[in-house]
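Here's the structure we're looking at; comments come further down.
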Amino acid sequence: MSEIQLLMTDPLPPLVQSAVSKTYRLHRMWQIEDKDTWLGENAPSIRGLVCGGHSPIDASFIRRFPNLEIIANFGVGYDSIDANEAARQHVVVTNTPDVLTEEVADTAIGLMIMTARELSAAERWLRARNWKTGYPLSAGTLRNRKLGIFGLGRIGKAIGRRAEAMGLKIAYHNRSQQADVSYAYHSTLLALAQWSDILLCVAPGGAATRHVVNAEILSALGSDGILINIGRGSVVDEAALIAALQDRVILSAGLDVFEHEPHVPEELIAMEHVVLLPHLGSASVHTRNAMGQLQIDNLSSWFQNGSPLTPVAETPWPRD
Ligand code: NAP
Ligand code: 8YV
């Protein structure tokens, strides 16, 4: 075991905990009782943070570690980390792109079908032994529907490929137009919502996207419209969404992510036709292991070769 000391901020999968603790001197933050005193004494020895996207790694937290070199995140989304502050402190941030793309796209398509065809409610209906004669028809359909993708990046494009095969018409909104797709580009989210029957959000969280799906966007989506969110809960104004569902401003919603996870508002739980998943977009053993391995490989590459494998955009490598 090397003398390099790392602090794990969230309980990561056993694969990661085991590999990291075999190679480095690992401290587990959730096992430390008096965190403030511990950090006062030990933060200068910590060279790497190993994170899981749950504990906020904000500017004041990063600044507590004067000898920090790397923040390795488990997950492609890193909105829980202040990557701009890390860049200012010359700390590299890594995430786990690509290895989860197809899994999350599968989940997004599943969630979209479940929501449009009200499959969760139908299964609950069967399990309640209601299937004696007929069965309930869903108000929604994917036939002749227009799918608007908000956040046409790696996962958005994988969703687009699947949706093309299903015969959906596709358009998207990003800050910049993509050269490698033929889908129609909308330069504003409002224009995309106006065009869409189904608005599927897979954009990152963070200040730039906070609550951009608001009452105006939901109203533009319209009374036959369906919102799918598999990106980050913070992107949708959850209170506005609940009001829009209660007032039938939109037809339905399928959500894998929420504003204050693991809290899910009672108003959503009470709605039979809405589909709610516990942030499981990437949650297969196969894909979580691949994410964990990439997180471990980023740490190894950094401490053995002095270069990260998958640095985020704010901390490019080699440094500018
Ligand atoms: P990505 O390749 O970076 O794609 C993100 C896309 O969003 C880019 O095309 C980007 O295009 C667009 N975008 C970013 N900021 C924007 C803004 N302010 N306004 C409009 N468009 C914006 O990332 P990815 O690998 O596809 O992952 C996307 C997100 O999915 C992650 O950040 C994470 O939050 C979420 N996710 C969720 C799960 C889950 O389990 N539910 C799993 C994995 C990922 P421009 O730069 O041109 O704007
Ligand atoms: C993970 C995710 O579940 O990669 C992401 O951005 O949201 C998911 O794959 C999450 O990061 C792990 O906590």
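Bear in mind that the values in this text are calculations on the coordinates, not laboratory data. Only a predicted model underlies this, so the values are computations on that prediction, with no experimental measurement involved. All Cβ positions, even for glycine, are placed from backbone atoms using ideal geometry, and neighbour counts span all protein chains on display.
Descriptive notes on the structure:
- Net charge of the neighbourhood of V213, taken over other residues with C-beta under 13 Å away and scored Lys/Arg +1, Asp/Glu -1, is -2.
- Computed over neighbours whose Cβ is under 9 Å from that of A158, the net charge equals +2, Lys and Arg +1, Asp and Glu -1.
- Backbone N under 16 Å from the M166 label point (7 Å along Cα→Cβ), restricted to segment 229-260: 229-231, 252-256
- Antiparallel bridges, percent of DSSP beta bridges restricted to the chain (to nearest 5): 5 percent
- Taking the longest Cα principal axis of the chain as reference, the axis of helix 154-165 is set at about 30 degrees.
- Number of Lys pairs (Cα under 29 Å; 8 or more positions apart or on different chains) in the chain: 4
- Ellipsoid fit via the Cα gyration tensor, segment 101-276: semi-axes of 26, 19, 15 Å, each the root of five times an eigenvalue, largest first.
- Dipole check for the chain: with +1 at the C-beta of Lys and Arg, -1 at the C-beta of Asp and Glu, and the Cα centre as origin, the magnitude is about 820 Debye.
- Take the Cα of H260, step 7 Å toward its Cβ, do the same at R129, and the gap between the two points is 3.9 nm.
- Using the Cβ of A290 as centre and a radius below 13 Å, the other residues enclosed give a net charge of -3, where K and R count +1 and D and E count -1.
- The listed peptides 216-229, 265-278, ordered by packing as a protection proxy, come out as 216-229, 265-278 (highest mean of other Cβ atoms within 10 Å first).
- Placing dummy labels 7 Å off each Cα toward the beta-carbon, the span from E102 to A270 is 4.3 nm.
- Between 0 and 90°, nearest 10: helix 101-116 axis offset from the chain longest Cα axis: 30 degrees
- Of the trypsin sites (Lys or Arg not before Pro) in segment 223-320, those whose Cβ has at most 10 other Cβ within 10 Å and which sit in DSSP loop: R248, R319
- Pairwise label distance in nanometres, Q304 with R210, each label 7 Å out on the Cα-Cβ vector: 4.0 nm
- Theoretical gain in end-to-end length, T188 to D34 [0.36 nm per residue, Cα-Cα removed]: 50.7 nm
- Taking every alpha-carbon pair under 8 Å whose residues sit at least 6 apart, segment 160-260 reaches a relative contact order of 23 percent.
- Principal-axis tilt of helix 14-23 within the chain, Cα atoms, nearest 10 degrees: 20 degrees
- Applying the Karplus relation 6.51 cos²θ - 1.76 cosθ + 1.60 with θ = phi - 60° to segment 193-202 yields 3J(HN,Hα) values of 5, 4, 6, 7, 8, 10, 9, 10, 9, 9 Hz, where x marks Gly and Pro.
- Taking the chain and dividing mean pair separation by its residue count, relative contact order in percent (alpha carbons under 8 Å, at least six apart): 17 percent
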